[in-house]
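In what follows, a structure is listed as structure tokens, so that the remarks can point back to it.
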Amino acid sequence: MNPNPPQPAAATAVAATNAIELADVTFGYNRRQPVLKGITMTIPRGKVVAIMGGSGCGKTTILRLIGGQLRQQSGTVRVGGQSVRDLSREALFALRRRIGMLFQFGALFTDMTVFENVAFPMREHTDLADPLIRDLVLMKLHAVGLRGAAQFKPSELSGGMARRVALARAVALDPMLVMYDEPFAGLDPISLGVVGQLIRKLNDALGITSVVVTHDVYESLKIVDYLYFVSAGRIIAQGTPDDVRNSTDPFVRQFVDGEPDGPVPFHYPARPYAEDLTAHAR
Amino acid sequence: MPASTVVRGMRRIGAGAINAIARCGFAARFFVAVLYHSPSAFRRLQLTAREIYFAGVLSLVVIMVSGLFVGMVLGLQGYDSLNKYGAGDSLGIFVGLSLVRELGPVVAGLLFASRAGSAITAEIGLMKTTEQLSAMEMMAVDPLARIVAPRFWGGVISMPLLAALFSVMGVFGAYLVGVRLIGVDNGTFWGNMQAGIDFWPDITNGIIKSVVFGVAVSLIAVFEGYDAKPTAEGVSAATTRTVVGGSLAILALDFVLTVFMFRGMANV
């Protein structure tokens, strides 16, 4: 894998076929410490694309820029051909109605039942009659295998079940794009497999585009079409699952093999160990 | 003292002052934004009614029991003091004026800040911590309209009603002690109260105070929740700030309002 390869075939296609385009995006919570430094990526329609990297490397920030919750300092972020930063508040909310997002721990509304959670976007954005909303919610819950848990409160759900309910809520309005923020974090192996398969199946069945932010390499390789590796705010590698499996890039190898030390050092930068230990003696 | 220590100290004070002013500015903008989104809280009345239930109805027990005991103590203490000057029969007007003008709005406001204000802050702060507010934003639903405005108006509407109930229970408590226990004449107790308390300015001033306290405490509660750091420690600190800030705001506003109201009465 080349750290700066030519854009993937899908990415070189005409802009209209791309659901998301990021061009030379720079963002920081303050000017001195940019979180993202010149990120460029394209996510074609209908594909499942993973953004991978260690904790704190800026993966979730990319999702927040795509969703318009943050605004980049430079570069452009386009979703469905629209520059997100230039949208008015009304236009941004109109765009968000076509985007679903699954948060790391589900972010289900704790004062509502599972049914009410999935019905929430429908009630807020449509004038559908209650019987129709009921049928639609049951269909969404059936798709994630939790029709029987419709009357549960979020506090009664396991982590995996909560993630599946959040997935049903994310696709409640049949969006064009679904973003997943660490969908596999903290799940047991069975739930992990179930959530992974649901992401792939819903993407293909509903014809949507999926962006998965994760650090779970093995689960991602099973379901995604393309991967971007982010480290220290930059894209340092990208490719298809086969490219990643066969990669000799040291960062990709360290990430895939789970090596504690390598291009990403085990130790946080510090002064020499001996100097620290003998400091009190001096 | 080394110069660098002085500079560091001045820097800290300056930074603290700038942060405090910036936060006041943010709170003012937040208040305007809440008012801007308020029509939605009334268009979807069930959301505000739900918050009136949580902030108002669920505070009834603590407000009514406190009002009863405050009134009973006021009856005992008031009778003891008044009787020394042969004015024990004035207990009704003494208790009535104390409760309607001052104790009703102030004590009910303090209890409201502790019971309902802290709950509102904790709820909104936890919604932020668990990304429920972000999820709402990503679903193109503005949390200011859906979460904050109904809670703000729920508090503003509940507060005067709670203050009125506090005063009613206080008067009843004073009646129990003064008339039933001590033996003040029943007709004198109620007659003096009726003759000495006017709807304008006594009761209206009490209502104005309780509305102002309701706005202040509700605003502080929703702002602190919305601005809380999304951690357990952050929500805890925000809840504390609501109770402390809300209580101090009530006491300070009470003084300011009383000054204006007293001047108004003196000019009549």
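So the values come out like this:
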{"read-out": "Selected from B:Ala149, B:Ala28, B:Trp200, residue furthest toward positive end of dipole (chain B; charges at beta carbon)", "value": "B:Ala28"}
{"read-out": "FRET efficiency, B:Gln46 to B:Ser4 (Cβ-Cβ, R0 56 Å, nearest 0.05)", "value": "0.40"}
{"read-out": "Additional length obtainable on full extension of the chain from B:Thr240 to B:Val256, 0.36 nm per residue less Cα span", "value": "3.3 nm"}
{"read-out": "Rounded to whole Å, sorted largest first: equivalent-ellipsoid semi-axes of region B:159-236, Cα gyration tensor", "value": "40, 17, 6"}
{"read-out": "Fewest-first sequence of A:His267, A:His125 by Cβ atoms within 10 Å of each Cβ", "value": "A:His267, A:His125"}
{"read-out": "Between helix A:159-170 and chain A: long-axis angle, C-alpha atoms, 0 to 90°, nearest 10", "value": "60"}
{"read-out": "Dimensions (Å) - region A:42-129, Cα atoms, principal axes, largest first", "value": "42, 31, 26"}
{"read-out": "At R0 = 51 Å, FRET efficiency that the Cβ-Cβ distance of B:Asn83 and B:Asn19 yields, to 0.05", "value": "0.40"}
{"read-out": "Amide H partners (placed H, <5 Å) of A:Met101, local residues excluded", "value": "A:Met179"}
{"read-out": "For region B:61-86 and region B:191-268, distance of Cα centres in Å", "value": "22"}
{"read-out": "Size descriptor, Kirkwood hydrodynamic radius, that averages inverse alpha-carbon separations across region B:102-237, Å", "value": "17.0"}
{"read-out": "Ranking of B:Ser118, B:Ser210 by count of other Cβ atoms within 10 Å, fewest first", "value": "B:Ser118, B:Ser210"}
{"read-out": "Sorted by Cβ density within 10 Å, fewest first, the residues B:Cys24, A:Cys57", "value": "B:Cys24, A:Cys57"}
{"read-out": "Region A:134-140 - phi-based ³J(HN,Hα) in whole Hz, Karplus 6.51/-1.76/1.60, Gly and Pro as x", "value": "4, 5, 5, 4, 5, 5, 5"}
{"read-out": "Fraction of antiparallel bridges per DSSP, the protein assembly as shown only, in percent to nearest 5", "value": "55"}
{"read-out": "Interchain or long-range residues, amide H under 5 Å from A:Val230's placed H", "value": "A:Met52, A:Gly53, A:Ile236"}
{"read-out": "Charge dipole (chain A, unit charges on Cβ, about Cα centre) - positive-most of A:Ala94, A:Gln33, A:Thr60", "value": "A:Ala94"}
{"read-out": "222 nm mean residue ellipticity, helices alone, for the protein assembly as shown (DSSP H n ≥ 4; -39,500 (n - 2.57); rounded to 500)", "value": "-18000 deg cm²/dmol"}
{"read-out": "Dipole magnitude of region A:9-257 about its Cα centre (Cβ charges: Lys, Arg +1; Asp, Glu -1), debye to nearest 20", "value": "460"}
{"read-out": "Reciprocal of mean inverse Cα separation for region A:162-277 (Kirkwood radius, Å)", "value": "16.2"}
{"read-out": "DSSP beta bridges in region A:9-257 [antiparallel fraction, %, rounded to 5]", "value": "55"}
{"read-out": "DSSP H segments from chain B that extend 27 Å or more along their own axis, Cα-based, with Kyte-Doolittle mean of 0.5 or above", "value": "B:3-36, B:60-84, B:149-175, B:204-226, B:232-267"}
{"read-out": "Proximal charge balance of B:Arg23 [Cβ under 12 Å; K/R count +1, D/E count -1]", "value": "0"}
{"read-out": "Crossing angle, helix A:114-125 versus chain A [Cα axis fit, 0-90 degrees, rounded to tens]", "value": "80"}
{"read-out": "Distance (nanometres) between label positions extended 7 Å along Cα→Cβ at A:Ala274 and A:Thr248", "value": "3.6"}
{"read-out": "Out-of-range pairs (alpha-carbon distance over 19 Å; input A:Lys201/B:Lys128; A:Lys59/A:Lys201; A:Lys59/A:Lys140; A:Lys140/A:Lys201; A:Lys47/A:Lys222)", "value": "A:Lys201/B:Lys128; A:Lys59/A:Lys201; A:Lys59/A:Lys140"}
{"read-out": "Loop-located chymotrypsin sites (Phe, Trp or Tyr not before Pro) in region A:177-282, at most 10 other Cβ atoms within 10 Å (DSSP)", "value": "A:Phe266"}
{"read-out": "Normalised convex hull volume, the protein assembly as shown, alpha-carbon set, Å³ per residue", "value": "246"}
{"read-out": "Charge dipole (debye, nearest 20) of region A:169-282; +1 at Cβ of Lys and Arg, -1 at Cβ of Asp and Glu", "value": "160"}
{"read-out": "Positive dipole terminus of chain B, leading residue within B:Ser98, B:Gly183, B:Gly225 (C-beta point charges)", "value": "B:Gly225"}
{"read-out": "Geometric extent, Cα atoms of region B:37-267 - Rg, Dmax (angstrom)", "value": "20.1, 70"}
{"read-out": "Beta bridges by DSSP in region A:92-235, antiparallel share as percent, to the nearest 5", "value": "20"}
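The numbers here are math on the coordinates, done by the rules we state, and not lab data. Quantities reported herein were computed from a predicted structural model and do not represent experimental measurements. Here the Cβ is made from the backbone with ideal geometry for all residues, glycine too, and neighbour counts use every protein chain on show.
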